[in-house]
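The values are calculated or read from the model by the stated rules, or taken from the named source; none is laboratory data. In this text the structure is predicted, and so the values were computed from the model without any measurement. No Cβ is skipped: glycine too gets one built from the backbone with ideal geometry, and neighbour counts run over all protein chains shown. We work out accessible area using only protein heavy atoms, side chains counted, and drop any ligands, DNA or RNA first. Shrake-Rupley method; radii C 1.70, N 1.55, O 1.52, S 1.80 Å.
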Amino acid sequence: MNANLESLYKIAQKPSRTIIGLMSGTSLDGLDVALCEISGSGENTEVQLVQFDTVDYSEDIKSEIRTVFAKQTIDFQKLVLLNEWIGVLHANIILDCLNRWKIPTSKVDLVASHGQTVFHAPKILHQQEKFPNATLQIGDGDHIAVKTGIITVSDFRQKHLAAGGEGAPLAVYGDYFIFSKKGENRIMLNMGGIANFTYLPANHNPEEVFVTDTGTGNTLIDAFTRLSFPDKAYDKDAEISKQGTVNGSLLKALKADEFFQKPFPKTTGPELFSLEYVRQAQTESQTQNISVEDLLATLTRFSAETIAEAIHATINNTTDTVDSFTIYMSGGGAHNPLLVGWLRELLSCTFANTDSLGISGDAKEAILFAILANETVSGGTSDFGPRKRIPSVSMGKISFPN
């Protein structure tokens, strides 16, 4: 047997595996690094978060990624260069974290790397009949494996696409494995750049589990905060938004896009929800001259209403009532008091953070990819039924250090 395959086989047979999960989202704020101890697989998965850190990206890194991020026209050479460069960058961040945590690389079984999404193109957005759903994450897994000396699982979204999904959201797999609880209706709401949620029914039936993007989470709020206040990466604690008033005409124009009429499940990204999207809505509503405070308040309300309406639409298709659900929040939006306050007004659910379930909301997505890597090597037998867009597959490509 090839030595690399033998090593992988031994890892798969271990009672528990030490896996580093990596996540860098569409907010481009940095790399989440979650060192996890994972045993079991599928519905028997158990996760312990051993260490976690978010390593902020410098302005230079953010600037380089933005040269290709969510743009239809780019310098193709720059994309190729960034694919390798980000792989090396992420590898160095892993090594720095392990050094600070005083953990040798030999103690880590796997790295699970999501990579950096640079373009998400589901068919509902690109609308080109002969082309399938597509997405692209860069940050080459081989570079991570060679640089760290750790077997790396990466490029998870491609199998999801190949099996009939849209490449996102992938949260359904980890959410069902570690958060589903018989007897309690749960909504796992993640509010990153794009907002998504997983519906976990109280009957614990995987064939009824549901996941979808709802639309924008923080991406538009962050983008217009940076545009108006170059020294601010985001509207911390909604300090600016809370000074504004929601503009009804602009809100109506923002919600008029056909994306919101399309059936669930569906995915989207900053490719749709861009600066141009808002500017067009402002033109249509003749609100180009509203204050930045009113604009940010309106964008925050836009996120809140579209999240709430998507959750209502999902629950209305069940026999349960809204107030029988508990919503567990994660992601940057969970720290936005204005957004969370409006969600509480719009949804008569019980609200909590995933921290109350023993999983840090800030680390949740990185942990998810560690779980997916665990499934790649020792699981992959869970069945979510024959439905479209939630394929019952294990995901990820494996890169060996040598």
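Side notes on the structure shown:
- Residues in segment 17-57 that are hydrophobic (A, V, I, L, M, F, W, C) and at pLDDT below 95: LEU28 alone.
- Exactly one residue out of ILE178, ILE221 is part of a helix (DSSP H, G or I), closer than 30 Å to ILE103 by Cβ and among the aliphatic types (A, V, I, L, M): that is ILE178.
- Subset of segment 95-123 (residues that are among the hydrophobic types (A, V, I, L, M, F, W, C) and over 19 Å from the mean Cα position of the chain (by Cα)): LEU95, CYS97, LEU98, TRP101, ILE103, VAL108, LEU110
- Breaking point among (1) closer than 18 Å to GLY21 by Cα; (2) within 15 Å of the chain's Cα centre (by Cα), for ILE359: (2)
- Residues satisfying the stated conditions in segment 1-16, i.e. open to solvent by 70 Å² or more (accessible area, probe 1.4 Å), of a type in the set (S, T, N, Q) and either at pLDDT 95 or above or under 28 Å from the mean Cα position of the chain (by Cα) (or both): GLN13
- The lone exception for GLU64 - which of (1) at negative phi; (2) touching a residue at least 40 places away in the same chain (Cβ under 8 Å) it fails: (2)
- Some residue of segment 235-244 being open to solvent by less than 50 Å² (accessible area, probe 1.4 Å) and closer than 30 Å to LEU136 by Cβ: yes
- Single residue of segment 152-166 satisfying the filter (in a loop (DSSP other than H, G, I, E, B) and open to solvent by less than 10 Å² (accessible area, probe 1.4 Å)) that is nearest to ILE124 (Cα to Cα): GLU166
- Restricting segment 328-341 to residues that are in contact (Cβ under 8 Å) with a residue 12 or more places away in the chain and surrounded by fewer than 20 Cβ atoms within 10 Å (Cβ to Cβ), the residue that is nearest to the chain's Cα centre (by Cα) is HIS335.
- Filtered residues of segment 390-400 (kept if open to solvent by 30 Å² or more (accessible area, probe 1.4 Å) and assigned to a loop (DSSP other than H, G, I, E, B)): SER392, VAL393, SER394, PHE400
- Across segment 366-389, not a single residue is classified as crowded, with 24+ Cβ neighbours inside 10 Å and part of a loop (DSSP other than H, G, I, E, B).
- The listed residue being open to solvent by 70 Å² or more (accessible area, probe 1.4 Å) and not in a helix (DSSP H, G or I), out of LYS252, LYS232: LYS232
- Flag for PHE177 being open to solvent by 10 Å² or more (accessible area, probe 1.4 Å) and of a type outside the set (D, E, K, R): yes
- When ASN353, ASN316 are checked against the criterion of being open to solvent by 20 Å² or more (accessible area, probe 1.4 Å), without any contact (Cβ under 8 Å) to a residue 12 or more places away in the chain and farther than 30 Å from ILE151 by Cβ, a single residue qualifies: ASN316.
- Just one of the numbered conditions (1) closer than 24 Å to ALA145 by Cβ; (2) in contact with a strand residue (DSSP E or B) (Cβ under 9 Å, 6 or more places away or on another chain); (3) open to solvent by 40 Å² or more (accessible area, probe 1.4 Å) is not true of LEU31: (3).
- Beta carbons closer than 7 Å, at least 6 apart along the sequence or on distinct chains, pair a first residue in segment 374-402 that is more than 23 Å from ASN4 (Cβ to Cβ) with a second that is crowded, with 16+ Cβ neighbours inside 10 Å and of a type in the set (Val, Ile, Thr) for PHE384/VAL209; PHE384/ILE390; ILE390/VAL172; ILE390/VAL211.
- Meets criteria (at pLDDT 95 or above, of a type in the set (Ser, Thr, Tyr) and farther than 26 Å from ILE359 by Cα) for THR152: no
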